[in-house]
Each structure stands twice: as C-alpha cells, then as structure tokens.
1. Summing Lys, Arg as +1 and Asp, Glu as -1, what charge do residues with Cβ under 13 Å from the Cβ of GLN109 carry, GLN109 excluded?
2. At q = 0.16, 0.17 Å⁻¹, what log₁₀ I(q)/I(0) does a Debye calculation on the Cα points of the stretch 103-226 give, no solvent, two decimals?
3. For P(r) over Cα pairs in 20 Å bins from 0, in percent, which listed value, (i) 27, 61, 12, 0; (ii) 20, 34, 33, 12, 0; (iii) 25, 54, 20, 1, 0, comes from the coordinates shown?
4. Note the direction-averaged projected area, equal to a quarter of the hull surface, for the Cα convex hull of the stretch 1-120, in nm².
5. If each of THR253 and TYR237 carries a label point 7 Å out from its Cα toward its Cβ, how far apart are those two points in nm?
6. Applying 1/(1 + (r/R0)^6) with R0 = 35 Å to the Cβ-Cβ distance of SER394 and LYS318, what FRET efficiency is obtained, to the nearest 0.05?
7. For every helix of n ≥ 4 consecutive DSSP H residues, a contribution of -39,500 (n - 2.57) applies; sum these over the chain, divide by its total residues, and give [θ] at 222 nm rounded to the nearest 500 deg cm²/dmol.
8. Beyond 24 Å between alpha-carbons counts as too far, so tell me which of LYS333/LYS393; LYS76/LYS318; LYS318/LYS393; LYS118/LYS333; LYS76/LYS333 fall in that bin.
Amino acid sequence: MTDFLEWDAHRLSAAIAAGIVSSADLMRATLDRITERNSVNAIVSLRDEDALMAEAREADLIPAKGPLHGIPIAVKDLANVAGLPTSMGSPVFAGQPAPASDVMVQRMQDAGAIFIGKTNTPEFGLGSHTYNAVFGATENALVPGCSAGGSSGGAAVALATRMVCLADGSDMMGSLRNPAGWNGVYGMRPSWGRVPGEPVGDMFAHPLATNGPMARCPRDIALLLEVQAGLNRHQPYGLPAERYQEKMQADVTGRRIAWLGDWGGAYPMEPGVLDTAAAGGAMFEELGCVVEDVPAPFDASALWHAWITLRSWAVAAKLGPIYAQSDQRDFLKPEAVWEIERGLSLTGAEIQKASAIRSDWFRAATKLFETYDAFVLPTAQCFPFPIDWDWPKSIGGVTMDTYHRWMEVVIPVSLIGLPCLAVPIPSVRPMGLQIAGRPRDDTSVLQLGGAWHGIY
C-alpha cells in the first residue's frame, strides 16, 4: 500500500508518530515512486538505497526527534548537506561533498528528516528555468516537454509528482514562487531574517535572497517553516519563529486585497496570463475578502533599475572568485558571466542610488499596507515554455532584454523582503498568484493561503 504518498506532510507526521505508518514503509514507497516517476529529473544525487532503508528502520526504533521524523526529503542543490555533493548545477563543483550542513538543513535533520538526495536547480540558481550542464533539465510536472521554472524547479516537481511531501527552496527572484505556480504546489518566500542563511561572507549589505518552504498545502508550509525559522546567534539580524500551524485557521472575511495585475501595464504578459490570474484573484471574494483594482504604487522602471543593480552586485560578490580563475570561468554559463561582469563594473554611487530607490519603495509599500492587508500579482509573466529554451526572448511582442526580465513581476516582493506565498490557480494552463503581506507578517499571509486552499 502506497496511498500514504498522497497524504499531506502533517498527516504523515502524525501517522508515523502514532505507528500507523512506519518510516521504513514510507522510505520503500518513496524509493519506488522515484524509480517510477523521476524521468522528470527532479531528484538528483540520490543516495544509496540500502543506506536509506537502514536509516528509516533505525528511525522506527528510536523516539521521534521532531515533526519531520522519518520523512524522506531531498534538499535543493544549492544548500549543503554534510556528506552529499553540492554541485549548484555547476561543473566547477560537481561531485564535491559538503563538509557540513547549512543551518537550515541541520534544523530539518534535527527535526527527524531523512535526506535522500538533492533536487535539481539551474546553475548557481540563476534564472527561473531548471537546467544545467551537470544533471540536465527538469521537466514540468503538469505540462510535458516544458520548463519547471526555477530555481527551485526540482523541488516543485518532486512535490507535484508525489516523490516527496515537503521540500526546501530558496528565493532571490521568484525561485520559490514561479515553480510553485507552474507545478500546482505552494511555495513561500518568508520575511527576510525569518529563515537564517549561512553566517559566511558579508552579512550586512543588501540581502536579496532567503530560504523557505515548499509543500502541497499551506498547513505543510507552516509546519516546515516552524522547523526552518528562528534566530541564529551567528547572524547579525533575524526574526523569531512562530507557531504558524496554530494560527492557520482564521476568518479572513473583510480583509482587503489589492489586485496589482500587470503593474499598470508595465509588465508584459503572455496572452491569457492576466485573465487567468485575475480570475484567481477574484476567488478571494468567495472568501469574503474585498478585492480592489489598484494603480501601480511605484514606478516599475525605478524598481527594475534598483533590482538589476543590487542583484548584479550580489552575484558578482558571490561568483567573482570563480570568474577570476581562468580555468573555471569557461564553465560558467553566459548569463552568469554577464551578471558577474556587470556587477564588477558598478560604482559605489550606483549601488547607493539603487539602495535609495529600494528604500523609497519600502516606504510606498508601507503606505499601501495602511489600506490593504495584502497585494496580489501573478507568479510569472508567461506560461511554462518549451524545455529546450534558455529563456523566453519575448513576451506579448515585447523583447526581453535580459535573461530574467520575463520574471520582473516578482521583484516588488523580493526587493524589500516581504512575506509572500505562491498559491496555484485552478486553470487549464498552470499559473499561480503571489500573496504578499505586510513586512514581517508571515502569519497573515499563511492565513490567506490556508483559506485559499479550502476552496482551491
């Protein structure tokens, strides 16, 4: 019997704790499911079967460590798991085992998770299309022959195909949100500081990315976020964890939702995307929410200027040492080289200007949240595209001038670190909605997502 592979994670966790499902049976079913369905290439660096079965049997013999006890999980291949290779989708690091686990990963392990391998990601997580020279491309779970999105594309597809019930991811430019929308699952970008990154390198200047949870329902998002979140004494900033599951059930009647759509026409959309997303946005009215069309609250071109400056600067800081090695530079994909070279050319004045724009947008957003409890946007500007594309070169007749311009719709959230949950829209072609909430108010976002799931 493998029906439990269809169960949500919180149900599985309770069943394991009660002895209804054994960790060994779950692991056996999981490995069989991976054999059956991983032609989509979502899970990579799969560990030895005998070792995994031995760990699962051991889990059945010891007291539960936490809410993830005995649950198989594959970790995104940007995060380190001690003893497993962290390729980051790059030939530079292919096959190199990590000496230690990242903070977030260790928290998941301490909660009882059994790590079975990695989930596929684009090279260094750059671009919302999961393909690389090490493992190849990951196929969309819902649209054969099309992109899974990214950079947490492997995680989203592993969830959608029922190979795992929970997944971690990371998000700089929609990496937890777009693949969720394209594969019919949920992905949450938590508030900055909620889930700690690694205490390495510069820890103060201009954070853009964060780790976060993915799942097949918002309650499971809340479960994993409780494990991942919390202060870390080695970090200069952070936010405490909360009991999100206890607060999930809430009456959202009367909450005001700002529909921002295509940001006043600033974001080109593939035909059908905006109509699909608008129909999804209108579903909030079924929950008793008040949904209003709202003009663009900030200049889109200024947001893009600030974003592309700070992103290139961040990428150059991280990947510049690789670029500096001529024997490694040739392994970098063109998009990475372009980001690095652009970042290295920036002046301090340009970076300061971008930061000032970012601050202006934060002030404008807080003003918007005086009236509205959340704002809503599509998770992408196009539907899943053919898997053999590098990226969409045009959308709605508008040429995309960079490899990530087609994901411009996610940067209002990313730029100022808002909590944001991607929810799937019931439609013929896969698409999702971003539900963005007030700074640091992850709970309210999860409540809206929980209510959404009830009618999805």
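1. -2
2. For the stretch 103-226 at q = 0.16, 0.17 Å⁻¹, log10 I(q)/I(0) is -0.73, -0.83.
3. Evaluating P(r) over Cα pairs in 20 Å bins from 0, in percent on these atoms matches (i).
4. 7.4 nm²
5. Using points 7 Å along Cα→Cβ, the separation is 3.9 nm.
6. Values: r = 29 Å, r/R0 = 0.84.
The pair SER394/LYS318 has a calculated efficiency of 0.75.
7. Value at 222 nm, helices only, nearest 500: -11000 deg cm²/dmol.
8. Details: LYS333/LYS393 17 Å; LYS76/LYS318 18 Å; LYS318/LYS393 27 Å; LYS118/LYS333 21 Å; LYS76/LYS333 20 Å.
Beyond 24 Å: LYS318/LYS393.
Read-outs: derived from the displayed coordinates by stated rules, not from any lab. The model shown is predicted, which means the values in this text are computed figures rather than measured ones. Ideal geometry is used to build each Cβ from the backbone, glycine not excepted, and the neighbour counts take in all protein chains shown.
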